[in-house]
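Worksheet for the structure shown next.
The values are calculated or read from the model by the stated rules, or taken from the named source; none is laboratory data. Note that the coordinates shown come from a computational prediction; the quantities given were computed from them, not determined experimentally. Virtual Cβ from ideal backbone geometry, glycine too; neighbours counted across all protein chains shown.
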Amino acid sequence: MNTCNCTSYVAWALAANGRRVDWFRLGEMDAHNWPRVAAEAGFGEGTAARVAAVAVWPHLSRPWGHVAFVTAVHPDGSFDVAEYNLRRRFRFDARSHVSPVGVTFIYVPPRSPHR
């Protein structure tokens, strides 16, 4: 997860929002790998957006994929994200009313309060 990439931003957003980041594996965290690594850590995933979930587009920005942090969910199933390095290289961006079609969501649990 190199600085100024989508993965490093989402890792920061997870930590800043009290979510677990102890499941990351050195050398395996290109965005397209996140669903596999999260599943091996026992995290749920699905096709419905939830606030504080990770949105994964495994085939976007080939060969790495793309991840974003879900900030809001709308009644029609669309969602808002905060992300880095998609539309503007090495820049923060936010998108709203994103379609969930083709997206895998990782439901990262909160950190233990004892950590």
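All but one of (1) buried (at least 17 other Cβ atoms within 10 Å of the Cβ); (2) at negative phi hold for Arg95, so report the exception by its number.
Unmet condition: (1).
Scanning the range 47-65 for residues that are at positive phi and touching a strand residue (DSSP E or B) at 6+ places or on another chain (Cβ under 8 Å), which turns out surrounded by the most Cβ atoms within 10 Å (Cβ to Cβ)?
The residue in question is Gly65.
Out of the residues in the range 94-111 that are outside any strand (DSSP E or B) and free of Cβ contacts under 8 Å to residues at least 60 places away in the same chain, state the one that is nearest to Val54 (Cα to Cα).
So the residue we want is Val103.
Going by what's in this entry, would Asp22 be described as over 19 Å from Val108 (Cα atoms), surrounded by fewer than 16 Cβ atoms within 10 Å (Cβ to Cβ) and either in contact with a His (Cβ under 6 Å, 6 or more places away or on another chain) or of a type outside the set (A, V, I, L, M) (or both)?
no
What single numbered condition from (1) touching an Asp or Glu at 6+ places or on another chain (Cβ under 9 Å); (2) at pLDDT below 95 fails to hold for Trp57?
(1)
Between Asn17, Asn2, which is modelled with pLDDT of 95 or more, surrounded by fewer than 15 Cβ atoms within 10 Å (Cβ to Cβ) and among the polar types (S, T, N, Q)?
Testing whether each residue is modelled with pLDDT of 95 or more, surrounded by fewer than 15 Cβ atoms within 10 Å (Cβ to Cβ) and among the polar types (S, T, N, Q) leaves just Asn17.
Go through the range 80-100 and report how many residues are polar (S, T, N, Q) and under 14 Å from the mean Cα position of the chain (by Cα).
Result for the range 80-100: 1.
How about the range 85-114: which of its residues are within 21 Å of His32 (Cβ to Cβ) and hydrophobic (A, V, I, L, M, F, W, C)?
Leu86, Phe90, Val98, Val101, Val103, Phe105, Ile106, Val108
Return the residues of the range 77-99 that are in contact with a strand residue (DSSP E or B) (Cβ under 8 Å, 6 or more places away or on another chain), farther than 20 Å from Trp64 by Cα and hydroxyl-bearing (Ser, Thr, Tyr); say none if nothing qualifies.
Those that are in contact with a strand residue (DSSP E or B) (Cβ under 8 Å, 6 or more places away or on another chain), farther than 20 Å from Trp64 by Cα and hydroxyl-bearing (Ser, Thr, Tyr): Ser78, Ser96.
Could you figure out which of (1) within 20 Å of Pro35 (Cα to Cα); (2) modelled with pLDDT under 85; (3) not hydroxyl-bearing (Ser, Thr, Tyr) isn't true of Ala82?
All conditions pass for Ala82, except number (2).
Is one or more of the residues making up the range 20-42 on the phi > 0 side of the Ramachandran plot and touching a residue at least 24 places away in the same chain (Cβ under 8 Å)? Break it down into steps so the answer makes sense when it comes.
Here is the first cut: in the range 20-42, the ones on the phi > 0 side of the Ramachandran plot are 27, 42.
Now narrow it down to the ones that are touching a residue at least 24 places away in the same chain (Cβ under 8 Å): none.
Checked the range 20-42: no residue is on the phi > 0 side of the Ramachandran plot and touching a residue at least 24 places away in the same chain (Cβ under 8 Å).
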